[in-house]
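Structure first, then comments.
The values are calculated or read from the model by the stated rules, or taken from the named source; none is laboratory data. Nothing here was measured: the structure is a model prediction, and the numbers come from that model. Every residue, glycine among them, receives a Cβ derived from its backbone with ideal geometry; neighbour counts consider all protein chains shown.
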Amino acid sequence: MKVHILLFLSFSFLWAQAQSTSDQLIADLNFYSDAMVNAESYTNRLRAHDKFSTLFKEALTHENAWNLKLEAIPFIHSVVSPDSLFKIYTFHLVDLENVTQESGFIHMKDNRVFELESTNYLDDLEYNQYSPQDWLSGIYYHIIPFEKEEKKMYLLFSFSQPTAFDKRKVIEVLSFENGNPVFGAEVFVEPVENGRDIIKNRRVYTYSADVSMVIQYDKDFDAIIVDHLMEVKSRIPGNKANTAVPDGTYTSYALKDGNWIYKDMVFEPELKLPKSDEELKEGKSGLFKPKSNSNN
């Protein structure tokens, strides 16, 4: 009996100690996430971002990481695969020019963790495959599972602001090869009459930083609805280059035999869609929130 009591007390102590550690970790993550977004000084935001990244990676190695409710931390964006195979967490830092720097992790249900590392040296963005070590960064806000030739794949929708003058939205493809994440797959098909179809690994849309753009899945039409963009002169002071803005019409991608088939100009301008995910989430994410130019 004494042995049983001792074992029970030991287990209770270890459980309480682990619970206390995880509670403190969540409290620290909440603190640094707030500072990462809301600190007036860019230097302080950068320090908070670096500390937050380190602590978040530590949280994902916790024995109970899958159940830690990390998605409840302010300014964290998460998407969970409908088959509960993985979660993706993304967050960002906004610099002095309102340019965003995204970071992220893929957390597998079997507790493997892949850190997403952004790079500025990617070529042919719509035609290449990438790994977590050369990641086309963004804040993921939606996920759609599908299959091609009996292989599981997932569409990921993201947004970011890669320059002071432009925002970017991406329709990405995630799959797994030998258990490792691969970004990009030849599933976006634009039919060409009397010619060779255009096939891409992902769709990348760059548009003016002073407008919003809709990319979202519509259940009624069973398709991805995309604002059609037109080229215009930029209205942003200091930008002498042309940019792109929505022209009031929409294009779409519909799934057929494992491919997402493009259709041009599917809706008239009077169609009213809900606010884009970007607009709905700006308040939570702090993305594109103007910052002080102080760097002390």
What residue, of Glu63, Glu58, Glu71, is in contact with a strand residue (DSSP E or B) (Cβ under 9 Å, 6 or more places away or on another chain), among the acidic types (Asp, Glu) and either surrounded by 15 or more Cβ atoms within 10 Å (Cβ to Cβ) or more than 20 Å from Gln101 (Cβ to Cβ) (or both)?
Glu71
Taking region 97-124 on its own, how many of its residues are in a loop (DSSP other than H, G, I, E, B) and under 16 Å from the mean Cα position of the chain (by Cα)?
3
Residue check for Leu25: surrounded by 16 or more Cβ atoms within 10 Å (Cβ to Cβ), closer than 22 Å to Leu156 by Cα, outside the structural domain of Ile139 (by TED's automatic domain parsing) and modelled with pLDDT under 95:
no
Residue check for Tyr89: exposed (fewer than 15 other Cβ atoms within 10 Å of the Cβ) and either in contact with a His (Cβ under 6 Å, 6 or more places away or on another chain) or not assigned by TED's automatic domain parsing to the domain that holds Ser41 (or both):
no
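With respect to Ala209, determine if the residue is modelled with pLDDT of 95 or more and of a type outside the set (Ser, Thr, Tyr).
Details: modelled with pLDDT of 95 or more: yes; of a type outside the set (Ser, Thr, Tyr): yes.
Taking the combined requirement at face value, the residue satisfies it.
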Conditions (1) at pLDDT below 95; (2) closer than 30 Å to Asn239 by Cβ; number of the one not met by Leu68
(2)
Scanning region 114-136 residue by residue, the ones that are under 20 Å from Leu55 (Cα atoms) and either touching a Gly at 6+ places or on another chain (Cβ under 7 Å) or surrounded by 15 or more Cβ atoms within 10 Å (Cβ to Cβ) (or both) total 5
Over region 172-186, the set of residues outside any strand (DSSP E or B) and within 18 Å of Leu122 (Cβ to Cβ) is Gly184, Ala185, Glu186
Residues that are surrounded by fewer than 17 Cβ atoms within 10 Å (Cβ to Cβ) and of a type in the set (Lys, Arg): does region 105-112 have at least one?
yes
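Quick grid of which residues meet (1) under 24 Å from the mean Cα position of the chain (by Cα); (2) more than 15 Å from Val170 (Cβ to Cβ):
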residue	(1), (2)
Glu193	no, yes
Tyr205	yes, no
Lys219	yes, yes
Ala241	no, yes
